[in-house]
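Below: one structure in structure tokens.
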Amino acid sequence: MANRPAHSAASSNKVVIAALFGNLAIAVAKFIAAGVSGSSAMLSEGVHSLVDTVNELLLLYGLHRARQPADDSHPFGYGRELYFWSFIVALLVLAMGAGVSLYEGIAHIRHPVQVEHPLPSLLVLGVSMLFEGGSWWVALREFRQRKGRRGYFEAFRQSKDPSVFTVLLEDTAALAGLLIAIAGLALAHWLRMPVFDGIASLGIAALLACSALLLARETKGLLIGEPARPGVGQSLMRIAAADAGVRSANGVMTVQMGPERVVAALSAEFEDALDTSQIEACIGRIESRAKAEHPELAALFVKPQTPETWRQRRIALGRDDTLAH
């Protein structure tokens with residue numbers, strides 16, 4: 001358990017770096033093919049890959065910043081830097097990727113131009129699928145290891161490391177976009193109807209817009225504050241309730257401060273016979289056991305209070321459940 005944060009960070013870097021080199025090579029090839037063929041869909045795909053390359057650089061920067069140690073300005077660390085840069089990535093996909101593809105699509109539908117020399121473009125798209133497929137497989141394998149027995153969508157919603165699911169979603173959208181570009185380019189050439197090239201660009205724009213909005217929704221939740229992964233709260237309650245000095249563990253609230261950084265507040269009622277030093281010792285035992293079981297726990301604040309006081313506080317916050325996340 002103690003090595004999990006370091007392992008997760010290294011795995012995230014590997015996924016992002018694999019996507020970075022793949023997208024950079026693909027972007028160059030697509031722009032060359034777009035210049036030769038004059039294809040709108042190919043140009044849209046080139047912009048798509050260029051945006052993805054910039055996105056991977058931003059994610060790497062976010063991962064680097066997120067690992068900075070806590071200081072006086074940020075007592076719980078810089079983990080949310082990754083969430084900020086992931087949100088910027090979503091905006092770039094929407095503004096640049098989808099925006100440029102939409103513009104190119106409309107322009108080529110209004111003023112269709114016959115695609116010349118489609119074979120180089122089709123070859124580049126085919127090779128791009130191989131590169132994108134390799135990057136996609138690296139991201140999928142890492143995501144599957146982390147999701148455990150959860151479903152893919154459930155794991156996506158509950159993931160606290162946006163770098164992996166961002167790359168996976170980007171690569172999935174890239175593969176789908178390549179299929180759309182191939183179809184549009186082939187139809188435009190074989191049917192001698194260049195309007196299909198513009199329609200393909202619109203399809204790529206719609207695909208990127210949907211991906212960007214989904215990423216923005218998930219990273220926004222992480223940025224403004226989400227509870228820790230399911231099970232952390234229950235585990236902290238179990239650890240507290242097992243201590244001999246605790247009469248009742250009332251509830252716990254957790255906040256995810258970064259991919260591998262959690263802050264928790266625990267409410268507990270202690271035995272009446274305990275004095276201050278004994279309560280402090282009890283809290284120390286709970287903290288030690290909690291951090292041994294959850295190395296991502298940056299801080300655990302324990303509040304001595306009765307169950308009734310806890311319930312009243314929860315009701316005042318608009319919740320009447322006895323156990324928070």
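Residues of the stretch 221-271 being assigned to a strand (DSSP E or B), in contact with a helix residue (DSSP H, G or I) (Cβ under 7 Å, 6 or more places away or on another chain) and farther than 28 Å from Y78 by Cα, which ones? Can you show your working first?
Let us first name the residues in the stretch 221-271 that are assigned to a strand (DSSP E or B), namely 246-258, 261-270.
Retained after the next criterion (residues that are in contact with a helix residue (DSSP H, G or I) (Cβ under 7 Å, 6 or more places away or on another chain)): 246, 248-252, 254, 256-258, 262, 264, 266-270.
Those that are assigned to a strand (DSSP E or B), in contact with a helix residue (DSSP H, G or I) (Cβ under 7 Å, 6 or more places away or on another chain) and farther than 28 Å from Y78 by Cα: V246, S248, A249, N250, A268, E269, F270.
Restricted to the stretch 65-107, and to residues that are among the hydrophobic types (A, V, I, L, M, F, W, C) and assigned to a loop (DSSP other than H, G, I, E, B), which residue is nearest to V262 (Cα to Cα)?
So the first thing to find is which residues in the stretch 65-107 are among the hydrophobic types (A, V, I, L, M, F, W, C), and the list is 66, 70, 76, 82, 84-85, 87-96, 98, 100, 102, 106-107.
Adding the requirement that they be assigned to a loop (DSSP other than H, G, I, E, B) leaves 70, 76.
Working: A70: 13, F76: 9 Å.
Within the stretch 65-107, the match that is nearest to V262 (Cα to Cα) is F76.
So, one more: Name every residue in the stretch 245-257 that is touching a Cys at 6+ places or on another chain (Cβ under 8 Å) and surrounded by fewer than 20 Cβ atoms within 10 Å (Cβ to Cβ), in order of residue number.
Quick first cut of the stretch 245-257, residues touching a Cys at 6+ places or on another chain (Cβ under 8 Å) only: 245-246.
Scanning the stretch 245-257 gives a single hit, G245.
Out of (1) open to solvent by 10 Å² or more (accessible area, probe 1.4 Å); (2) touching a residue at least 24 places away in the same chain (Cβ under 8 Å); (3) within 17 Å of the chain's Cα centre (by Cα), what's the single condition that is false for A29?
A29 satisfies all of (1) open to solvent by 10 Å² or more (accessible area, probe 1.4 Å); (2) touching a residue at least 24 places away in the same chain (Cβ under 8 Å); (3) within 17 Å of the chain's Cα centre (by Cα) except (3).
If you don't mind, there's one more thing I want to ask. I need the full set of residues from the stretch 142-167 which are outside any helix (DSSP H, G or I), closer than 16 Å to L222 by Cβ and of a type in the set (G, A, S), in order please.
As a first pass, look at the stretch 142-167 and keep what is outside any helix (DSSP H, G or I): 148-151, 159-161.
From what's left, closer than 16 Å to L222 by Cβ: 159-161.
S159 - this is the single residue of the stretch 142-167 that is outside any helix (DSSP H, G or I), closer than 16 Å to L222 by Cβ and of a type in the set (G, A, S).
Only residues that are surrounded by fewer than 15 Cβ atoms within 10 Å (Cβ to Cβ) and touching a Lys or Arg at 6+ places or on another chain (Cβ under 7 Å): list them for the stretch 115-141, please.
none
Kindly indicate whether S201 is over 20 Å from V89 (Cα atoms) and surrounded by 21 or more Cβ atoms within 10 Å (Cβ to Cβ).
Details: over 20 Å from V89 (Cα atoms): yes; surrounded by 21 or more Cβ atoms within 10 Å (Cβ to Cβ): yes.
Yes, satisfied.
Out of the residues in the stretch 216-229 meeting the condition of being touching a residue at least 60 places away in the same chain (Cβ under 8 Å) and under 13 Å from A264 (Cα atoms), tell me which one is surrounded by the most Cβ atoms within 10 Å (Cβ to Cβ). Even if it seems obvious, please write down each step before you answer.
First, pick out the residues of the stretch 216-229 that are touching a residue at least 60 places away in the same chain (Cβ under 8 Å): 216, 218-220, 222-223, 226-229.
Those still in the list that are under 13 Å from A264 (Cα atoms) too: 226-229.
On the way: E226: 18, P227: 18, A228: 25, R229: 16.
It comes out as A228.
Could you say whether any residue in the stretch 142-160 is in contact (Cβ under 8 Å) with a residue 12 or more places away in the chain, touching a strand residue (DSSP E or B) at 6+ places or on another chain (Cβ under 9 Å) and buried (at least 21 other Cβ atoms within 10 Å of the Cβ)?
yes
Would you confirm whether or not the stretch 52-60 contains a residue that is open to solvent by 10 Å² or more (accessible area, probe 1.4 Å) and over 19 Å from S211 (Cα atoms)?
yes
Still on this structure, I have one more. With the checklist (1) closer than 25 Å to G62 by Cα; (2) under 21 Å from the mean Cα position of the chain (by Cα); (3) not β-branched (V, I, T) in hand, flag the one item G99 doesn't pass.
G99 satisfies all of (1) closer than 25 Å to G62 by Cα; (2) under 21 Å from the mean Cα position of the chain (by Cα); (3) not β-branched (V, I, T) except (2).
Somewhere in the stretch 156-173, is a residue small (G, A, S) and at pLDDT 85 or above? Lay out the reasoning, then the answer.
Taking the stretch 156-173 and keeping what is small (G, A, S), we get 159, 163, 173.
This time we only want the ones that are at pLDDT 85 or above, so: 173.
Scanning the stretch 156-173 turns up at least one residue that is small (G, A, S) and at pLDDT 85 or above.
Those residues that are among the basic types (K, R) and either within 28 Å of S201 (Cβ to Cβ) or in contact (Cβ under 8 Å) with a residue 12 or more places away in the chain (or both), I need them from the stretch 105-141; list them, please. Talk me through it step by step, then tell me what you get.
To start, the set of residues in the stretch 105-141 that are among the basic types (K, R) comprises 110, 141.
Hit for the stretch 105-141 is R110, nothing else.
Another one. Can you name the residue in the stretch 161-174 that is more than 17 Å from L60 (Cα to Cα) and buried (at least 23 other Cβ atoms within 10 Å of the Cβ) and, of all such residues, is nearest to the chain's Cα centre (by Cα)? Lay out the reasoning, then the answer.
Taking the stretch 161-174 first, the residues more than 17 Å from L60 (Cα to Cα) are 172-174.
After this cut, where a residue has to be buried (at least 23 other Cβ atoms within 10 Å of the Cβ) as well, the list is 173-174.
On the way: A173: 15, A174: 17 Å.
Checked the stretch 161-174; the qualifying residue nearest to the chain's Cα centre (by Cα) is A173.
Consider only pairs whose beta carbons are under 8 Å apart and that are at least six residues apart or on different chains; among these, list those whose first residue lies in the stretch 5-18 and is open to solvent by 10 Å² or more (accessible area, probe 1.4 Å) and of a type in the set (A, V, I, L, M) and whose second residue is at pLDDT 80 or above and not in a helix (DSSP H, G or I).
A9/R67; A9/P259; A9/E260
The values are calculated or read from the model by the stated rules, or taken from the named source; none is laboratory data. Please read these numbers as outputs of a predicted model, since none were measured by experiment. Ideal geometry is used to build each Cβ from the backbone, glycine not excepted, and the neighbour counts take in all protein chains shown. Note: areas computed on protein heavy atoms with side chains; ligands, DNA, RNA excluded. Shrake-Rupley method; radii C 1.70, N 1.55, O 1.52, S 1.80 Å.
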